[in-house]
Amino acid sequence: MTTFQTPVRIGSKKDGYAASLTNALNAASTGCNLGTTTVSQTGLFTVTADLVNETIAFELPPSSQIVDIIADVLVVYNPGAGAATLTAGTAAAGTTYASGVDVKTSAIRIRPTFTAAQLTAMANIGATNLTVFVTIAKTTTNPSTGSVRVTVVYTTST
């Protein structure tokens, strides 16, 4: 395993080097062809037969940009008449980055429908909100099945 403390940039032309993510996104106007790498972290939810919300915490580097949040529903949650909803935010059960993702209906890959406020928050998580909490909230006790793989895709700028 190799780790880096600074972002890895790929490209052959450093002229007009983009020192920030904002500048990197506008690199075409500078003659620079450097780009940042996109990386991901993945976690797996497996059903627990109780009403307790399940949360996975992903630690991201400072100033990361969240590119996508992907929920692969491998086995649908079966909470009876209740709901099983996935959210992502800066706290457990938070909705800063994603909300209202139904993991009860069908075993499919789901990408949340992001709001403008969520996209703005995802553009740069800053220096203090480094943990992304992904939660599955259940509204009925004793679900018997359920498995969801969640992937947080991000890039870093500094």
Go through the stretch 55-158 and tell me which strands (runs of 3 or more DSSP E), entirely inside it, have 3 or more residues that are touching a Ser or Thr at 6+ places or on another chain (Cβ under 9 Å) and touching a residue at least 60 places away in the same chain (Cβ under 8 Å). 65-75, 84-89, 131-138, 147-155
Condition first: touching a strand residue (DSSP E or B) at 6+ places or on another chain (Cβ under 8 Å) and closer than 16 Å to Thr48 by Cα. Now tell me which residues in the stretch 79-100 satisfy that. Pro79, Gly82, Ala83, Ala84, Thr85, Leu86
Tally, over the stretch 134-154, of residues that are surrounded by fewer than 19 Cβ atoms within 10 Å (Cβ to Cβ) and under 16 Å from the mean Cα position of the chain (by Cα): 3
Within the stretch 86-103, the residues that are buried (at least 20 other Cβ atoms within 10 Å of the Cβ) and modelled with pLDDT under 95 are Leu86, Val101, Val103
For the stretch 33-53, how many residues meet the condition of being crowded, with 18+ Cβ neighbours inside 10 Å and within 16 Å of the chain's Cα centre (by Cα)? 1
Scanning for something among the small types (Gly, Ala, Ser) and closer than 28 Å to Ala83 by Cα, does the stretch 125-136 turn up at least one residue? no
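The values are calculated or read from the model by the stated rules, or taken from the named source; none is laboratory data. No experiment lies behind these values; they were computed from the predicted model shown. So basically every Cβ, Gly included, is an ideal-geometry build from the backbone, and we count neighbours across all protein chains shown.
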